[in-house]
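K.L.:
Let me begin by handing over the structure; questions about it come next.
The values are calculated or read from the model by the stated rules, or taken from the named source; none is laboratory data. Note that the structure is predicted; figures quoted are calculated from it, not measured. Virtual Cβ from ideal backbone geometry, glycine too; neighbours counted across all protein chains shown. Areas reflect the complete protein model, heavy atoms only, side chains present, ligands, DNA and RNA absent. Shrake-Rupley method; radii C 1.70, N 1.55, O 1.52, S 1.80 Å.
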Amino acid sequence: MAVVKVDMLARSVAEGPSLMTGSIPTKDWMDVPVVFKPGNYAYPTKPEKLRYLDSQQGVSFPNAREWNPEDEDWKLPENWKEIILQGLADRLDRFRSLKIFMDCCVRCGACADKCHFFLGTGDPKNMPVLRAELLRSVYRQEFTRAGKILGKLAGGRPMTVGVLKEWFMYAYQCTECRRCSVFCPYGIDTAEITMMLRELLHLVGIGINWAMEPVSNSNRTGNHMGLTPQAFKGNVDFLCDDIENLTGVRVNPTFNRKGAEVLFVTPSADVFAEPGIFTCMGYLLLFEAIGLDYTWSTYASEGGNFGLFTSNEMMKKLNGKIYAEAKRLGVRWILGGECGHMWRVLHQYMDTMNGPTDFLEVPRSPITGTVFDNAKSTKMIHISEFTADLIKNNKIKLDKSRNAHIKATFHDSCNPSRAMGLLDEPRYILDHVVDNWVEMPENTIREKTFCCGSGTALNTDEIMEIRMRSGLPRANAVKYVHEKHGVNTLGCVCAIDRATLTTLMNYWVPEVQVAGLSELVGNALVIEGEQRQDLTEGLRTLV
Ligand code: SF4
Ligand code: SF4
């Protein structure tokens, strides 16, 4: 899908009629129907993908069919309304947080202008408070006494096909980034409301292919690209050859090796696509430098969990592979690579979903002796925690001058920053691997970081304009430090970010490249016996 020219889009965001530019809607939001047109929706799930998933144990994805959001008739099952309302009732029973979020919003509006989708589109229904209201209004009507008696007067509305269509539109214009929840005095997590909306839609066969195809691949082969074990290993082997060409160091990672001390799990994007492969080369060099006794798994070959964007059951099933492989291989603990939503799942859900993990030990760095008590229960730590600890204990030699071509800033990926509080370790690493790096403006970093705009399976080309709009607040902050300080590299610790921010930068700030933090570590790492070429662009140098 072609996207409009950058200056036209910039003008449209700044001057076009929207709530952001002072235009007041002429109708009540409940009376404004959604209109689907090319460019404002992601393509529906292919029926064969849904059928395959529905046939799998432990998950349910019924009502597979061809349907088109632009059509009047979405070919819903006859009893669709009953299915949705029963689904909502079940979830209100199961998830106490959902019930609280439905009841406790006071409509203070503190969240309203905190969402990047609202800032980029000016669409009132992209204000988090109103996004939640799309569900809350039905909840009021069907599940509260006031709503049952007073209906619209109590903020209720009946469940209709129009409401369902609205859910589809706005559940897929939310990246579940949780920025809004940072500002909500009640801690209402609109991301979880979006998750519920997506779950409910799946009950009647409504979902997007860019989420469900990766889920289907992950379930079938272990990773979202559908790489076979041979292809997965082959890709890593190619990276080892590249490393040898660049540095003279031969790294020999092992796969599915029983008895290794550590299982390493990372997003599969790290092994097959730029710029993730440079991050992967950084991991491989680091592990070689410290002589880590580790193995990859070609079955748990995906850290990124697209199940998070579909249903709780799917998330649990996909994540289960990590512990299953840790058990099969008999490792002591698990090390995880750079990824965003992978870490939300690992940090916030894995323990209760797939634990307890009595067969693993509390992670202890074999190099420094540091015991990571923060992972006492999950038994899994983040590569940034691991690397920062190595640096702090002087266990690796780093030469910052090897990153002299880089003037960096750091993007806090939504999930590692807001879901697990990974704020200082990446900065500590940056301090030690580059001479030059600066922060973006205070209200756009750390817990208040702005999303890339394309997470939660929205990294698909057919909605490119929406992505560029919703990514604008992030891009704007990068542009600011580029113009003020000459920043040319946006560092991050997320595989989706590496893909989405690259597209975003190419559009809004083409002078800035995107790099995983471990790539910058790999650039700076001095390894005994190495014979580095003159790597003017670090591990990206073409030799
Ligand atoms: S900040 Fe919280 S309480 Fe206020 S409108 Fe938003 S969700 Fe409701
Ligand atoms: S979770 Fe993020 S994308 Fe979703 S409503 Fe909140 S700020 Fe917007």
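K.L.:
So what are the radius of gyration and Dmax for the Cα set of segment 1-130, in Å?
P.N.:
My reading of the Cα-based Rg and Dmax gives 19.0, 51 Å.
K.L.:
Let me ask something additional. How do the peptides 142-155, 19-32 rank, highest first, by the average count of neighbouring beta carbon atoms within 10 Å per residue?
P.N.:
Ranked from most to least packed, the peptides come out as 142-155, 19-32.
K.L.:
From largest accessible area down, sort Arg131, Arg11; use a 1.4 Å probe on the protein chains.
P.N.:
Arg11, Arg131
K.L.:
What does the net charge come to around Gln531 if you take all other residues with beta carbon closer than 13 Å to its beta carbon, with K and R at +1 and D and E at -1?
P.N.:
-2
K.L.:
Around Ile290, under 13 Å between beta carbons, what's the net of Lys plus Arg minus Asp minus Glu among the other residues?
P.N.:
Around Ile290, the surrounding residues sum to -3.
K.L.:
Among the listed pairs Lys258/Lys379; Lys81/Lys165; Lys233/Lys392, give every one whose C-alpha distance is greater than 23 Å.
P.N.:
Lys233/Lys392
K.L.:
Here is a follow-up. Excluding ligands, DNA and RNA, what is the solvent-accessible area per residue of segment 99-217 at a probe of 1.4 Å, expressed in Å²?
P.N.:
With the other protein chains kept in place, segment 99-217 gives 30 Å² per residue.
K.L.:
Quick one: Debye curve from the alpha-carbon atoms of segment 150-256 only, equal weights, vacuum; give me log10 I(q)/I(0) at q = 0.14, 0.18 Å⁻¹ to two decimals.
P.N.:
Each listed q corresponds, in turn, to -0.80, -0.98.
K.L.:
Still on this structure: Over segment 1-97, with every protein chain in place, what whole percent of the accessible area is carbon and sulfur at 1.4 Å, could you tell me?
P.N.:
Ligands and nucleic acids excluded, carbon and sulfur reach 50 percent.
K.L.:
Next question. What value, in deg cm²/dmol to 500, does the helix sum -39500 (n - 2.57) over DSSP H runs of n ≥ 4 give at 222 nm once divided by the residues of the chain?
P.N.:
Rounded to the nearest 500, the figure is -13000 deg cm²/dmol.
K.L.:
Could you work out how far the C-alpha centroid of segment 271-333 sits from that of segment 336-350, in angstrom?
P.N.:
10 Å
K.L.:
Search the structure for amide H atoms under 5 Å from the amide H of Ala515, placed 1.01 Å from N in the peptide plane, and list their residues when 5 or more places away or on another chain.
P.N.:
Amide H neighbours of Ala515: Leu490, Gly491, Cys492.
K.L.:
Place the peptides 328-337, 257-266, 364-373 in order of packing, highest mean first, counting for every residue the other Cβ atoms within 10 Å and averaging per peptide.
P.N.:
Descending packing order for the listed peptides: 328-337, 257-266, 364-373.
K.L.:
Also: If eta is 1.306 mPa s and T is 10 °C, what Stokes-Einstein diffusion coefficient results for segment 172-328, Kirkwood Rh from Cα pairs, in µm²/s?
P.N.:
92 µm²/s
K.L.:
Let me ask something additional. Please compute the contact order of segment 241-320 in relative form: average sequence separation of alpha-carbon pairs under 8 Å and at least six residues apart, divided by the residue count, as a percent.
P.N.:
34 percent
K.L.:
A further question follows. Take peptides 339-350, 156-167 and line them up by average Cβ neighbours within 10 Å, highest first, as a rough protection proxy.
P.N.:
339-350, 156-167
K.L.:
For the chain, which cysteines have no disulfide-compatible partner, meaning no other cysteine Cβ under 4.7 Å?
P.N.:
Cys104, Cys105, Cys108, Cys115, Cys174, Cys184, Cys240, Cys280, Cys339, Cys452, Cys492, Cys494
K.L.:
So, one more: Ignoring ligands, DNA and RNA, what percent of the 1.4 Å accessible area of segment 398-543 is carbon and sulfur?
P.N.:
45 percent
K.L.:
Under 10 °C and 1.306 mPa s, how fast does the chain diffuse according to Stokes-Einstein, given a Kirkwood radius computed over C-alpha pairs? Answer in µm²/s, whole number.
P.N.:
Calculated translational D: 66 µm²/s.
K.L.:
Please work out the average accessible area per residue across segment 296-432, using the 1.4 Å probe convention, and give it in Å².
P.N.:
For segment 296-432, the solvent-accessible area averages 33 Å² per residue.
K.L.:
From the alpha carbon gyration tensor of segment 422-509, can you work out the equivalent ellipsoid semi-axes (sqrt of 5 times each eigenvalue) and give them in Å, largest to smallest?
P.N.:
Each semi-axis is √(5λ); the values are 23, 15, 12 Å.
K.L.:
Now, a different point. How large is log10 I(q)/I(0) at q = 0.23 Å⁻¹ when the Debye formula is applied to the Cα atoms of segment 132-197, each weighted equally and without solvent?
P.N.:
-0.96
K.L.:
Taking just the alpha-carbon atoms of segment 250-373, what radius of gyration and Dmax come out, in angstrom?
P.N.:
Values for segment 250-373 (Cα only, Rg and Dmax): 14.1, 42 Å.
K.L.:
Further question on the same structure: Please give every one of the lysines within straight-line cross-link reach of Lys397, meaning a C-alpha to C-alpha distance under 22 Å, and leave out same-chain neighbours fewer than 8 residues apart.
P.N.:
Answer for Lys397, where 22 Å is the Cα cut-off: Lys407, listed by chain and number.
K.L.:
With respect to the cross-link table entries Lys99/Lys448; Lys37/Lys317; Lys125/Lys448, which display a Cα-Cα separation exceeding 23 Å?
P.N.:
Violating the 23 Å Cα-Cα cut-off are Lys99/Lys448; Lys37/Lys317.
K.L.:
Tally up the carbon and sulfur contribution to the accessible surface of segment 206-352 as a whole percent, 1.4 Å probe, everything protein left in place.
P.N.:
48 percent
K.L.:
Based only on the alpha carbon positions, what is the Kirkwood hydrodynamic radius of segment 303-395, in angstrom?
P.N.:
Here the Kirkwood hydrodynamic radius works out to 13.7 Å.
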